[in-house]
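Report on one structure; see the data block that follows.
The values are calculated or read from the model by the stated rules, or taken from the named source; none is laboratory data. Keep in mind the model is a prediction, meaning the values are calculated, not measured. Counting neighbours? That spans all protein chains shown, and the Cβs are built from the backbone with ideal geometry, glycine included. For the accessible areas, the whole protein counts, side chains as well, though only heavy atoms, and no ligand, DNA or RNA atoms are used. Shrake-Rupley method; radii C 1.70, N 1.55, O 1.52, S 1.80 Å.
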Amino acid sequence: MHVIKKLPTADYRAVFPPDQVDCPTTETAEPTEEIIGQDRATKALRFGLEIPEDGFNIYVSGLPGTGRHTAVKKFLDELAKTKPMADDWIYVNNFENQYEPLAIRLPAGMGTRFRADMAAFIEGVRRALPRAFESEDYATKRQEALKKIGKEREEIIAQVNESAGKQGFMLQMSPTGLVIIPVIDGKPLTEEEYTALPLEKQEEINKKREALDTDIRGGFRRMRDLDQKGMETVNTLNNEIALYAIGDLLAGLKEKYGKNEEVLAYIDAVRKDILENLGTFMGMDQQQQQVPPQFQQWVQKDLAFRKYEVNVIVDNAAQTGAPVVFEENPSYQNLLGKAEREVQFGMVTTDFTMIRAGSLHKANGGYLVIPVLDLFRYPFAWEGLKTALKTEKLAIEEPGERAGFIVVRGLRPRPVPLNVKVILIGAPEINQVLHQGDPEYPELFKVRADFDIVMDRSDTTAKKYASYICSLCRRFNLRHLDRTAVAKVVEFGSRLADDQKKLSTRFAAIADLIREANFYAMQENAALITGAHIMRAIEEKIYRSSLIEEKIQEYIARDIFLVDTVGEKVGQVNGLSVMGTGDFAFGRPSRVTASIGVGKEGVIDIERQAKLSGPSHTKGVLILSGYLMNRFAKEKPLTLTARLVFEQSYGGIDGDSASSTELYAILSALSGLPLKQSLAVTGSVNQNGEVQAIGGVNEKLEGFYEVCRIKGFTGEQGAVIPSSNVQNLMLKEEMVEAGKNGNFRIYPVSSISEGIEVLTGVPAGEPGPDGTYPEGTVFHLVDRKLKEIGEKVRQFQGNAKET
């Protein structure tokens, strides 16, 4: 028989002695800004941020609370200061096509200066032009030009009149235009007089009129040409006067921005538009007076001059290095920008001044950080981001247009060249889904930085814990921790990691614990946070979340849920499972029973038949048949019908951690040996009978301990766990004391043989050379029962054939 020793209570919990803390309080510790326990992730981050090649964007993978966001921010803040400042970007009017505004790059800080300079320039033009055109010099030159044109016009009119007089006609202006009237004996004819003339005379007059029409049309053509010449002369004069009036203003702008070809081209376009629209700069008061009162507010906005404004969409004047942008709301428009709209005169309008930058614009030349889960909550956001990274251009489009919907005509601003490093922060599962489902993802995000949830536990890492706590207390003005408190925080880190040799790197949970302990220290007016405050914070948090657990324990105590903690029963054993309520997990004991009968159906999982079993649990049950065949059916067929069930389980069950429990129940039912109900069991099993490690061992043991406490300790209660799970034990201190007092025992086992011996007190048995088991052992009884069942099956089949 195997000698199974109960686990020493020293192994119930990895205690961290306070005297191993090398500082009396965290106030004397050295604060740290180091990212603790994430060497792999920080190395990957440093590589991804420094490499300049395309496609080396970064996916930061890890669970929330492991310091992903803090690490990225720290690295970017340090790195960005060493990088050159990014350029400003502005949008200006495209005078050739107003629907395609022009994007212009300017050095950092120059965008707002250019906007102010353009505003001052237009204001200066609005003052200078009316003054120039109201001057006597302009009036004199204009009068001289028009006087010459007028003289030529008079000469043409005189020539036409003279030609008409020679042919017996006179020209007269009427409301409908120029009228040719016949003249006889110096007297113009009326319509009646003309009608009274003989037909021969009328025909003669008509022939003369047709001949005169040619001369008149020629004269009028010369007059139109002369009018056109006059307009050109006036326009030329106006342009000369306007250029002279604003020449100094233009020269000043060109001198200041002469090194930027795009700005110079834009200034030339502005000059050309001003000369083509000189009337806009004069007579605005009269125009405003003609506008109805309800629309004067829009005229007061100087809408006519809006086309000369400068829209600064990215201003990096305040930056000290490359821009770093954290986009917490990564919708399509927040990422790639948008063109806003407003209502004017009852119509929805837009123009280049209403273009708004997205976070990609703001991060251009620097770094953009996006929570990947939020990114997928918005339509088109992921596709828009990929398109921008692939094309290295930022095009502002309507989301509906990208989806192929019919949209109204709007702006199509010129794209902006894109040079940005994108960092996605998310869970490992999302990274895996993207790799498998999006072929473009691996080409765009070639660097993965994995944040671990644990690190090794040692004096060195405990010291780093103390340094982190020191930084936390100083940053948030919390009370400092003494040695006992630091030791308890280290133990809490191991409990979070579920490992005696590891510490959790979920520093968000560590920080929350310290904040809660600080609250209780403040209530007591304590100068320092002690170990008692840490323990109270842990207990209070559990109490706030453990309502469901207490209800289940109450039902067990009142025998509503049936769980025995004393006595022995055949085919019945206490199984352990873990239930979660979101932020809290606890262990729930359940009765597992097995029944056997004559048949060939094998092991039947009632949970599976009721569709309450998950795939992992189903796999665990199927492994039981493999174990039974390997142990008892090498020389004969396995003839058995056994049914397994978690009693009073009304929800889904998954996981294979109860497979050893179910196997013990089957072996008990076959052998007829009762199992100790004072013990609970957990552990998975393989086909060779080896008991394997499971998760949630602390919660499971604590759950059964609470049931034993409520029902009363007998000194025989405890649990059977896999030996490989001993290193995961970080049980609460109350259980350690219970172990020392002999009220709760833990038996680590590595095989089914060891476990069945603990539960029955009977040797399991090992096969001899002939394959048989020693008399009276568990496996001998099981093997004998299987043979009996096989014989009954054969007899039944024989009788059935005879009948």
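Tell me, yes or no, whether segment 267-284 has at least one residue that is modelled with pLDDT of 90 or more, assigned to a helix (DSSP H, G or I) and acidic (Asp, Glu). Yes, the conditions are met somewhere in segment 267-284. For Leu129, state whether it is open to solvent by less than 50 Å² (accessible area, probe 1.4 Å), under 30 Å from Ala251 (Cα atoms) and either touching a Leu at 6+ places or on another chain (Cβ under 8 Å) or of a type in the set (Asp, Glu) (or both). When the stated conditions are applied, Leu129 passes them. Name the residues in segment 483-499 that are open to solvent by 30 Å² or more (accessible area, probe 1.4 Å) and either assigned to a helix (DSSP H, G or I) or over 27 Å from Glu429 (Cα atoms) (or both), would you? Those that are open to solvent by 30 Å² or more (accessible area, probe 1.4 Å) and either assigned to a helix (DSSP H, G or I) or over 27 Å from Glu429 (Cα atoms) (or both): Arg483, Thr484, Lys488, Phe492, Arg495, Leu496. Please indicate, with yes or no, whether at least one residue in segment 61-69 is part of a strand (DSSP E or B) and among the polar types (S, T, N, Q). The answer is yes; a qualifying residue exists.
Number of residues in segment 30-60 that are surrounded by fewer than 22 Cβ atoms within 10 Å (Cβ to Cβ), among the small types (Gly, Ala, Ser) and either in a loop (DSSP other than H, G, I, E, B) or without any contact (Cβ under 8 Å) to a residue 60 or more places away in the chain (or both): the value is 1.
Out of all the residues in segment 20-29, is one or more closer than 24 Å to Gln500 by Cβ, open to solvent by 20 Å² or more (accessible area, probe 1.4 Å) and in contact with a Ser or Thr (Cβ under 7 Å, 6 or more places away or on another chain)? Checking segment 20-29: not a single residue is closer than 24 Å to Gln500 by Cβ, open to solvent by 20 Å² or more (accessible area, probe 1.4 Å) and in contact with a Ser or Thr (Cβ under 7 Å, 6 or more places away or on another chain). Only one entry of Glu635, Glu662 meets the criterion of being over 40 Å from the mean Cα position of the chain (by Cα) and more than 16 Å from Thr760 (Cα to Cα), and that entry is Glu635. Residue count for segment 433-463, restricted to those that are touching a strand residue (DSSP E or B) at 6+ places or on another chain (Cβ under 6 Å) and open to solvent by 90 Å² or more (accessible area, probe 1.4 Å): 2. With respect to the conditions (1) surrounded by 18 or more Cβ atoms within 10 Å (Cβ to Cβ); (2) touching a Cys at 6+ places or on another chain (Cβ under 9 Å), Leu781 falls short on a single one, namely (2). In this structure, Gln159 does not satisfy being farther than 30 Å from Arg412 by Cβ and either assigned to a strand (DSSP E or B) or without any contact (Cβ under 8 Å) to a residue 40 or more places away in the chain (or both).
What about Arg105, is it modelled with pLDDT of 90 or more, in a strand (DSSP E or B) and surrounded by fewer than 22 Cβ atoms within 10 Å (Cβ to Cβ)? Taking the combined requirement at face value, the residue satisfies it. If you check Lys792, Lys740 for being among the basic types (Lys, Arg), surrounded by fewer than 22 Cβ atoms within 10 Å (Cβ to Cβ), farther than 30 Å from Gly531 by Cβ and over 46 Å from the mean Cα position of the chain (by Cα), only one passes: Lys792. Here Leu226 fits the description: in contact (Cβ under 8 Å) with a residue 60 or more places away in the chain and within 18 Å of Lys147 (Cβ to Cβ).
Among the numbered conditions (1) closer than 25 Å to Gly410 by Cα; (2) open to solvent by 40 Å² or more (accessible area, probe 1.4 Å); (3) in contact (Cβ under 8 Å) with a residue 40 or more places away in the chain, the only one that Thr387 does not meet is (3). Checking each residue in segment 234-266 for being in a helix (DSSP H, G or I), among the hydroxyl-bearing types (Ser, Thr, Tyr) and open to solvent by less than 50 Å² (accessible area, probe 1.4 Å) picks out only Tyr266. Once segment 86-102 is narrowed to residues that are more than 18 Å from Arg113 (Cβ to Cβ) and aromatic (Phe, Trp, Tyr), the residue that is surrounded by the most Cβ atoms within 10 Å (Cβ to Cβ) is Phe95.
Each row is one residue, and each column tells you yes or no for (1) free of Cβ contacts under 8 Å to residues at least 60 places away in the same chain; (2) open to solvent by less than 100 Å² (accessible area, probe 1.4 Å).
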{"position": "Ile184", "(1), (2)": "yes, yes"}
{"position": "Glu191", "(1), (2)": "yes, no"}
{"position": "Leu197", "(1), (2)": "yes, yes"}
{"position": "Glu203", "(1), (2)": "yes, no"}
{"position": "Lys207", "(1), (2)": "yes, no"}
{"position": "Arg222", "(1), (2)": "no, no"}
